[in-house]
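The structure under discussion appears below in the form of structure tokens.
The values are calculated or read from the model by the stated rules, or taken from the named source; none is laboratory data. Note that the coordinates shown come from a computational prediction; the quantities given were computed from them, not determined experimentally. Cβ sites come from the backbone with ideal geometry, for glycine too, and all protein chains shown count toward neighbours.
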Amino acid sequence: MCGLLGVIATENNYLSAEDLKRLLSIGKLAQRRGVDASGLVLLESNYDIHVVKANHGFETMIQTDAASSLLETAKNTESYGLFGHSRLETHGYSGSQVNNQPVVLGNWVVVHNGVITNAEEIKDSLGLDDGGIETDSVAIALLLEEWDQSGRLVDSDEIFNRLRGEYSVIAASLSGEVLCRTNVGNLYSVSGEQGQIYLASEPRQFPKELQSDCERINLDQTIFLRNKQEKSGQVSVIDASRQETGMEGAQGLHLQSNEVEEDFSRRMERVAEQASNYAATLRRCTACVLPETFPGISFNDQGVCSICQNFQEPEYPGLEKLSSDLQDQLTPNGKVLVCLSGGRDSCYILHLIHEFGFDVIAYTYDWGMVTTAARENMSRMCGDLGIEHVLVSPDIRQNRVRIHRALRAWLKKPKLGTIPILMAGDKPYFRWAREIARERGDIPAVLADHPMETTGFKAMLAGATFSPNQAGGVSYRLGPTGMAKMALSYGLHAAQSPGMFPALFKEGLTGFVDYYLRKHDFVRPFSYIPWEEEQLEEILRSKYDWSSGEDRSSSSWRMGDGTAPFYNLMYQIGLGMTEHDTLRSNQIRYGLMERSEAITRLETDNRFNSLGLASYFVTVGIDLQWAGSRIEEFAFQSLGHEGN
């Protein structure tokens, strides 16, 4: 889930000034895949290895004294290799130097992109000292170290085949060898004028004059770029870290139940129970399960809601039509981009398009609120299927700082209609999908959204109106008047609580343009086939060990979104319903579920999850006790009695 970069000279040759210049350019472009930390590795002719690590981005890291000294050494000595890493923090706190890459352990220095999902199992089985490194990447270094200690009695394939998940690796030993390997294809190489090998996670990182000649490293093959020597060097590590705002937030994604304050959990469970009791008193549609509090809803004499009355069941063209339409959109390289979030729908569509036989590239936009379970789902699937995984990540720490400000401001003056500002940071997902598709040759892009997840009430709260959709289902349209109402509503709320302004002008405006104004030209498989919840979950769990993140989520839907436990609790307090009420109502309308079953499912779907809520607050740096008090106040205002 990170960016790799490197340049390795051929035997008896050394790096030039042009090599260093190109390497720094490759590194700067790696930052689109993550800027939480970075590092460089210099390989000298005497087999000494010099490492610089930092808990900030590559572009700022190379400006530090430590990196400047390393680069100066590279210019003035005989050095045969320079490689590095630009990190998206997934496992292992970046505030600890040992957790940032390059991983230095024993005889090896390793940089890794991806997530190793069986890292703990490997660590336990080897029994070697891991140096206190918490990241999943240390499993690779441990395997290589154990390989050395055992006399390399097996081929390197046996070492790497023990890994589960997604990996692209560049590694160097103190004996002079350099190797690279990938099981998904996120590692490209191109030869320079003197035979030197440049390495990058994506073709776009290479200088333009080299891009047309770059090739993807063959899957599941260890490529030795330099061979092992009899001599051995030493390794030195310099930490170029600094104080970083928002860095601690990543720990929230790994929060455990025993780390959540009991008082916070007890208070929030009490509020959730009161909200659930309120929901039980509401009048609901006799056909679906939407309550009377759904914005703009009305009921006829039979108690059927206006949305059910306007519903038109769609016709599905089928899988054969989906395959042929996708085939018609292929460009000469034959590739298809599948948008992947780690949730069940996008994971299933990745499986489906791969099963069709298309040459798939997966794409993910990780805005910092993607759950660990979702990241591991993506890595397991891409690793198992050998699918290249292109990732785009903004400055997550700055994202969390803005969410922190907006969330504090919102909690001081809560208003249901403006909750989406807290999730606006994920909307560039659509724009980046089109950009990646363009970069890869204007290839078709596949999106796994489906009409069942059309919630409607968020748009209605913002000023949208609903109407029958000619293609089937119901549309919630935000026309010019609705857009004006929404802008006014958000502006007035921000005026009352100014802390919302930074998020409104950054994520809010960008998200509005990306979601409402830009063209969404995607192939949507669930407009060709029905969304069969049990079937797709069974396939994912049986084939890929897919996880719904049950510890943080009460249901499989939205399991990849770390914000969902918060906003669904707010909607339950304010409206007596959550997104799940709309999901189940849609399933009823589409003939996929009986109303009685939907009512039973909602008892589980809307069950409060204390760990999920606490993880969200910790991730964006909000004090649990303070947040709990604000939620209790909101519950008192909405439900008419104290939450404590």
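For LEU88, indicate whether it is of a type in the set (A, V, I, L, M) and modelled with pLDDT under 95.
Yes, satisfied.
Select from region 593-624 the residues that are more than 21 Å from SER306 (Cβ to Cβ) and surrounded by fewer than 18 Cβ atoms within 10 Å (Cβ to Cβ) and list them in ascending order.
GLU594, SER596, GLU597, THR600, GLU603, THR604, ARG607, ASP623
Given the conditions (1) within 19 Å of ALA459 (Cβ to Cβ); (2) over 24 Å from the mean Cα position of the chain (by Cα); (3) β-branched (Val, Ile, Thr), report the number of the one that THR578 does not fulfil.
(2)
Conditions: (1) over 18 Å from ALA141 (Cα atoms); (2) touching a strand residue (DSSP E or B) at 6+ places or on another chain (Cβ under 7 Å); (3) in contact (Cβ under 8 Å) with a residue 60 or more places away in the chain. THR77 meets all but one. Number of the miss?
Failed condition: (3).
Could you list all residues from region 488-503 that are hydroxyl-bearing (Ser, Thr, Tyr) and buried (at least 17 other Cβ atoms within 10 Å of the Cβ)? Before you say what the answer is, go through the steps one by one.
From region 488-503, those hydroxyl-bearing (Ser, Thr, Tyr) are 489-490, 497; that's our starting set.
Result: TYR490, SER497.
Take the residues of region 178-198 that are part of a strand (DSSP E or B) and in contact with a helix residue (DSSP H, G or I) (Cβ under 8 Å, 6 or more places away or on another chain): which is nearest to LEU144 (Cα to Cα)?
So, considering only residues that are part of a strand (DSSP E or B) and in contact with a helix residue (DSSP H, G or I) (Cβ under 8 Å, 6 or more places away or on another chain), the one nearest to LEU144 (Cα to Cα) is LEU179.
Testing ARG397 on (1) farther than 29 Å from LEU611 by Cα; (2) in a helix (DSSP H, G or I), one condition comes back false. Which one is that?
With (1) farther than 29 Å from LEU611 by Cα; (2) in a helix (DSSP H, G or I) applied to ARG397, the lone miss is (1).
Scan SER596, SER629, SER615 and give me the residue that is part of a helix (DSSP H, G or I), touching a helix residue (DSSP H, G or I) at 6+ places or on another chain (Cβ under 6 Å) and modelled with pLDDT of 90 or more. Before the answer, list the steps.
Values: SER596 fails: touching a helix residue (DSSP H, G or I) at 6+ places or on another chain (Cβ under 6 Å); SER629 fails: touching a helix residue (DSSP H, G or I) at 6+ places or on another chain (Cβ under 6 Å).
Exactly one of SER596, SER629, SER615 is part of a helix (DSSP H, G or I), touching a helix residue (DSSP H, G or I) at 6+ places or on another chain (Cβ under 6 Å) and modelled with pLDDT of 90 or more, namely SER615.
Name the residue, out of SER94, SER125, SER175, that is part of a helix (DSSP H, G or I) and polar (S, T, N, Q). Give the steps one after another, and end with the answer.
Details: SER94 fails: part of a helix (DSSP H, G or I); SER175 fails: part of a helix (DSSP H, G or I).
The match here is SER125.
Do we find a residue being over 20 Å from the mean Cα position of the chain (by Cα) and among the aliphatic types (A, V, I, L, M) anywhere in region 392-407?
yes
Has region 533-554 got at least one residue that is at pLDDT 90 or above, in a loop (DSSP other than H, G, I, E, B), out of contact with any strand residue (DSSP E or B) (no Cβ under 7 Å at 6 or more places or on another chain) and over 30 Å from LEU253 (Cα atoms)?
No, the conditions are met nowhere in region 533-554.
Quick one: which residue in SER306, SER324, SER346 is hydroxyl-bearing (Ser, Thr, Tyr), out of contact with any helix residue (DSSP H, G or I) (no Cβ under 9 Å at 6 or more places or on another chain) and either modelled with pLDDT under 95 or closer than 23 Å to ASN586 by Cα (or both)?
Unique residue meeting the criteria: SER306.
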